[in-house]
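These notes are about the structure you will find just below.
The values are calculated or read from the model by the stated rules, or taken from the named source; none is laboratory data. Please read all numbers here as calculations on a predicted model, not as lab measurements. No Cβ is skipped: glycine too gets one built from the backbone with ideal geometry, and neighbour counts run over all protein chains shown. Each accessible area value is taken on the protein alone, full model and side chains, heavy atoms only, with ligands, DNA and RNA left out. Shrake-Rupley method; radii C 1.70, N 1.55, O 1.52, S 1.80 Å.
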Amino acid sequence: MRFHQKLIASAVVGGLLVTPAFAEGTLDKIKKTGTITLGHRDSSIPFSYLANSPQPIGYSVDIANKVVDKLKKDLNMPNLQVKYNLVTSQTRIPLVQNGTVDLECGSTTNNLERQRQVDFSVGIFEIGTRLLTKKTSGVKDFPDLKGKNVVTTAGTTSERLLKSMNAEQGLGMNVISAKDHGESFLMLETGRAVAFMMDDVLLAGEMAKAKRPADWVVTGKPQSFEIYGCMMRKGDPAFKKTVDDAIRALYKSGEINKIYAKWFQSPVPPKNVNLNFPMSPEFKKLIQNPTDKSAEQM
Amino acid sequence: MNYHWDWAVFFKSTGIGDEIYLDWFVAGLGWTVAVALVAWCIALALGAVLGVMRTLPNKALSGVATAYVELFRNVPLLVQLFVWYFLVPDLLPERAQVWFKQELNPTTSAYLSVVACLAFFTAARVCEQVRTGIQALPRGQTMAAMAMGFSLPQVYRHVLLPQAFRIIIPPLTSEFLNIFKNSSVASLIGLMELLAQTKQTAEFSANLFEAFTLATLIYFVLNMSLMKGMGWLEKRVAVPGLIGSGGK
Amino acid sequence: MIRFNSVHKWFKDLHVLNDINLEVKAGEVVVVCGPSGSGKSTLIRTVNQLETISQGEIWVDGVNVADPKTDLNALRAEVGFVFQHFNLYPHLSVLDNITLSPIQVKGMDKAAAEARAVQLLEKVGLAHKKDAFPAQLSGGQQQRVAIARGLAMDPRVMLFDEPTSALDPEMIGEVLKVMKDLALSGMTMMVVTHEMGFAREVADRVVFIDHGQVLESAAPAEFFSAPRTERAQQFLRQVLTPMR
Ligand SMILES: Nc1ncnc2c1ncn2[C@@H]1O[C@H](COP(=O)(O)OP(=O)(O)OP(=O)(O)O)[C@@H](O)[C@H]1O
Ligand SMILES: [Mg+2]
């Protein structure tokens, strides 16, 4: 019964929160309270996660902090307090909407469904969905998966893509939807699946953590590209401009390259593994021409 | 808060073939029911046998049943699921391993694992209810039946179990509801039951509240019908004057 | 029909049955009485081995019941037992209570078992209650059903353990009447009871036990008029003197 109560509670709370909690803009709110609340994840390595301290770290957290620096300057508030609020993939949108979180920079894909609920900053990262497989598996690209067991993480675009490939190209794959990336990799490792389809950067992360990284390979033509963005409340152009400007400035100054190298091409906590994930041509293009559109809109 | 409500979301395309989100809920409900019902039937049968074993004078048999209950009641359900899904198949002979892990449809192998997991877990709980039910009966019942020339199996079959099961219908009802609730662990090994489909709908459509509201409604109706069904059963088998049974 | 040869039984240190030697002949009605805790229930239960014995022999209809090779279920099917607390099966109707054993143990067919059950119910005056459940009957009625249930197996012996002591006084008579009719029909009966009126009128012999020992075994006239032991005299004074 406890589970049902939770469901009912969330539905009821959902109903109550329809009333706008913050008619005022986010900038006004920040000025008035002297604080900004950043949403973060607990294990989106290396984007936003908790390692050895209570403060979240990661690539997206660094970008969010650059935004905070700009706010301090623009609003002339050198003592602006930063509060961190943990979000999950299920809570991140409602918590932004109801005003608990002002800005969520993690590993959230910008897509059309989400754009109806929140606004996105210009893109902060771009991934392609590819395959992780054993070097000896013989799988080089998606057509090789015909009739095989393929694992992906439940609720991701990859899952939708795999199922669409079955529906449209009749590949006849058995799609296993695991609960998180770690478990997807376990399915791959224990031989339940021959390949793991996911965002290439996350695949690189799983590979780096494996007992013998050299046994594995990321392969296949990307089936889709996704742009990650920071989420904020809808219809707040002043705040959005500040956020976008801060990110554009990073791109323009080339400072982004330092941040990128720190998280994707050097050892990162907690286990000091190096993802060895060079910047993709797609992301390089995004840096040249920043946009807040989703990849499907491009 | 500026949430974008959209109750029509359930009829929108999921982007996969020509499925709509509602199809996901229907499929999810189907798996939830298929897991829970099959596991329940096994749990009931196995639990009854174990419950009887625990009340037998034979020390070895009751010891086995007691050990079973201790093991399956005290190890967390999630751990048991992982054992069934990841470890048990590795104990099979090489050929069977390949068959179970690779040739068998992964949905089927996940289904088998989760049914085994829930059935064995719930059997331990049913066992305890059956034991309590039997022990709640006056000793005179056994004596009377023995005095009439019944063998021990006959005593259980005709005298003890019919009474014990009537007494324990209410606690069994709550175990029955529990198995539906617990069936949501299936999503952890990739079986897309109702909760998993709900989360997936929420994730893909970004209409979280609608998805969870519908799930709440489905669970609620499911629960209610199960309780009504068990209430009906309780009335139907009620016998005047028997403790704990529905009649007076 | 029943014969106890030097029977002893211990519950740990407690010597509940101490050198019992006793015989109940075919067609005889023997009443067993004695103070509470003297071992009466234990004694009567040993006859169909609801209690085992520690030493000695008990023969029932030519079979040594204490012999481990004896088929106890077959023995018990031949010996009817009526309990102080009736012990009817509460989940079965009166009719099913009576037919369960004949059908399950003797393999009798259902129709025959039911016809026989109705006959027995008529005998105990309860034919109209055949579809009732035990909880819907008074104590006296339940005990009469219990007697009918015992008789349904066509036993060679009927054992009664204080069949009236859980009953309200106004119901005792109806049960004793059924037992008396049964005795008159020639049934071999062993009855533990404190109903001295019944003993005087129906019993062929009264056995008095105390501390697990048979202290008296005599015809009722003799037992009631001239009990030989001090204990029996004391016991009779207590059960025969109405409370003031
Ligand atoms: N299972 C048992 N274990 C240990 N002691 C027992 C057991 N059953 C009976 N006793 C003891 O044995 C003695 C005789 O018991 P029994 O029931 O035969 O007495 P009784 O003459 O029938 O008494 P009452 O008139 O109260 O029914 C009592 O002291 C009783 O406490
Ligand atoms: Mg007694």
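If one computes the Cα centroid of the stretch C:1-78 and of the stretch C:183-223, what distance in Å separates the two points?
16
Could you check how much of the accessible area of the stretch A:117-205 is carbon and sulfur, as a whole percent, using a 1.4 Å probe?
52
With every protein chain left in place and a probe of 1.4 Å, what is the accessible surface of B:HIS4, to the nearest 10 Å²?
The value for B:HIS4 is about 70 Å².
Compute the accessible area per residue over the stretch A:128-225, keeping the other protein chains in place, probe 1.4 Å, unit Å².
Accessible area per residue, the stretch A:128-225: 38 Å².
Of the DSSP beta bridges with both residues in the stretch C:142-242, give the percent that are antiparallel, rounding to the nearest 5.
Counting only bridges with both partners in the stretch C:142-242, antiparallel ones make up about 50 percent.
Please work out how much accessible surface C:ASP19 shows to a 1.4 Å probe, ignoring ligands, DNA and RNA, in Å² rounded to 10.
70
Ordered by residue, what ³J(HN,Hα) values in Hz, to whole numbers, does the stretch C:114-128 give under the Karplus form 6.51 cos²θ - 1.76 cosθ + 1.60, where θ = phi - 60° and Gly and Pro are x?
Each residue of the stretch C:114-128 in turn: 6, 4, 5, 4, 5, 4, 5, 5, 4, 4, 9, x, 10, 4, 6 Hz.
Got a sec? What order do A:LYS70, A:LYS241, B:LYS101 fall in by accessible area at 1.4 Å, biggest, i.e. largest, first?
I get A:LYS241, A:LYS70, B:LYS101, largest accessible area first.
What is the angle, in °, between the Cα long axis of helix C:230-240 and the longest principal axis of the Cα atoms in chain C? Nearest 10 is fine, range 0 to 90.
40
Tell me the volume per residue, in Å³, of the convex hull enclosing the alpha carbons of the stretch C:50-180.
Values: hull volume 15.8 nm³, N = 131.
Convex hull of Cα atoms, per residue: 120 Å³.
Using a Gaussian network model of chain C whose springs link C-alpha atoms within less than 10 Å, name the residue from C:GLU78, C:GLU162, C:GLU122 with the highest mean-square fluctuation.
Judging by the Gaussian network model, the answer is C:GLU122.
From the Cα gyration tensor of the stretch B:7-237, with a ≥ b ≥ c the square roots of its eigenvalues, which class applies: rounded if a/c is under 1.5, or else prolate if a/b is larger than b/c, or else oblate? Mind showing how you got there, number by number?
Numbers: a/c = 3.19, a/b = 1.69, b/c = 1.89.
Oblate is the answer for the stretch B:7-237, as a/c is 1.5 or above yet b/c matches or exceeds a/b.
I'd like the FRET efficiency for B:LEU91 and A:LYS262, computed as 1/(1 + (r/R0)^6) with the beta carbon distance as r and R0 of 56 Å, rounded to 0.05.
Result of the calculation: an efficiency of 0.80.
To the nearest 100 Å², how much accessible surface do chains C and B hide from each other in total, with a 1.4 Å probe? If you can, show how the numbers build up before the last one.
Numbers: alone 11540 and 13550 Å², together 23140 Å².
Protein heavy atoms only, the C-B interface buries about 1900 Å².
Taking the full set of protein chains and a 1.4 angstrom probe, give the accessible area of A:MET298 in square angstrom, rounded to the nearest 10.
Number for this one is 140 Å².
Report, to the nearest whole %, how much of the accessible area of the stretch C:115-163 belongs to carbon and sulfur atoms, 1.4 Å probe, protein only.
Percent of accessible area from carbon and sulfur atoms in the stretch C:115-163: 43.
Mean Kyte-Doolittle of at least -1.0 and a Cα length of 15 Å or more along the axis: which whole DSSP H helices of chain B meet both?
Those that clear 15 Å and a mean of -1.0 are B:21-55, B:59-74, B:106-135, B:169-182, B:194-205, B:208-237.
Quick one: grab the alpha carbon gyration tensor of the stretch C:110-227, order the square roots of its eigenvalues as a ≥ b ≥ c, and give me rounded if a/c is under 1.5, else prolate or oblate depending on whether a/b is larger than b/c.
Judged from the Cα gyration tensor, the stretch C:110-227 comes out prolate (a/c at least 1.5, a/b above b/c).
If you take every DSSP beta bridge fully contained in the stretch A:128-225, what fraction is antiparallel? Give it as a percent rounded to 5.
Roughly 60 percent of the DSSP beta bridges within the stretch A:128-225 come out antiparallel.
Report the B-A buried area as the accessible area lost on both sides summed, probe 1.4 Å, in Å² to the nearest 100.
For B against A, buried area totals roughly 4200 Å².
Using 0.36 nm per residue of separation minus the Cα-Cα distance, give me the extension gain between A:LYS271 and A:ASP74 in nm, one decimal.
Extending this stretch completely gives an extra 67.2 nm.
Can you give the Rg and Dmax of the stretch A:160-206 based on its C-alpha atoms, in angstrom?
11.2, 31
In whole Å, largest first, what are the principal axis extents of the Cα atoms in the protein assembly as shown?
Computed over the protein assembly as shown, the largest-to-smallest principal extents equal 126, 60, 50 Å.
In debye, nearest 20, what is the charge dipole magnitude of the stretch C:2-240 about its Cα centre with +1 on Lys and Arg Cβ and -1 on Asp and Glu Cβ, if you could check?
For the stretch C:2-240, the charge dipole is close to 160 debye.
What is the distance in Å between the Cα centres of the stretch A:203-247 and the stretch B:103-133?
Taking the Cα centre of each part, the stretch A:203-247 and the stretch B:103-133 sit 40 Å apart.
Quick one: accessible area per residue over the stretch B:15-162, 1.4 Å probe, rounded to a whole number of Å²?
44
Given a Förster radius of 25 Å and the C-beta distance between A:ASN65 and A:ALA210 as r, what FRET efficiency does 1/(1 + (r/R0)^6) yield to the nearest 0.05?
Working: r = 31 Å, r/R0 = 1.23.
FRET efficiency, A:ASN65 to A:ALA210: 0.20.
Going by alpha carbons, how many degrees (0 to 90, nearest 10) lie between the helix axis of C:169-184 and the longest principal axis of chain C?
Taking the Cα atoms of chain C, the angle to C:169-184 is about 90 degrees.
How much mean residue ellipticity at 222 nm does the protein assembly as shown get from its helices, if each DSSP H run of length 4 or more adds -39500 (n - 2.57) and you divide by all residues, to the nearest 500 deg cm²/dmol?
That comes out to -15000 deg cm²/dmol.
Roughly how big is the stretch B:7-237's charge dipole about its Cα centre, with Cβ charges of +1 (Lys, Arg) and -1 (Asp, Glu), in debye to the nearest 20?
Values: 16 positive and 13 negative charges, 234 e Å.
Around 1120 debye, computed over the stretch B:7-237.
Using Cα pairs closer than 8 Å and at least 6 residues apart in sequence, work out the relative contact order for the stretch B:7-237, in percent.
Relative contact order for the stretch B:7-237 comes out at 29 percent.
Can you tell me the orientation of helix C:139-151 relative to chain C, as the angle in degrees between its alpha-carbon axis and the longest Cα principal axis, to the nearest 10?
On a 0 to 90 degree scale, this one is about 90.
Could you please tell me the mean projected area of the C-alpha convex hull for the stretch C:2-240, averaged over all directions and given in square nanometres to one decimal?
Computed as one quarter of the Cα hull surface, the answer is 13.0 nm².
Among A:GLU168, A:GLU189, what's the order by accessible area (1.4 angstrom probe), most exposed first?
Result of the area sort, largest leading: A:GLU168, A:GLU189.
At most 10 other Cβ atoms within 10 Å and a DSSP loop assignment: could you name the trypsin sites (Lys or Arg not before Pro) in the stretch C:66-171 that fit?
Working: sites: C:LYS69, C:ARG76, C:LYS106, C:LYS110, C:ARG116, C:LYS123, C:LYS129, C:LYS130, C:ARG144, C:ARG149, C:ARG156; in loops: C:LYS69, C:LYS106, C:LYS130, C:ARG156.
When the trypsin sites (Lys or Arg not before Pro) of the stretch C:66-171 are filtered for loop state and at most 10 Cβ neighbours within 10 Å, C:LYS69 remain.
Give the list, by residue number, of cysteines in the protein assembly as shown with no other Cys Cβ closer than 4.7 Å, or say none.
B:CYS41, B:CYS117, B:CYS127, C:CYS33
Shape of the stretch A:115-211 from its Cα gyration tensor (a ≥ b ≥ c, root eigenvalues): rounded if a/c is under 1.5, otherwise prolate when a/b > b/c, or oblate?
Oblate shape, in that a/c is at least 1.5 and b/c is the bigger or equal ratio.
Can you give me the Cα centroid spacing of the stretch A:93-145 and the stretch B:142-205 in angstrom?
Here the two parts' Cα centres lie 42 Å apart.
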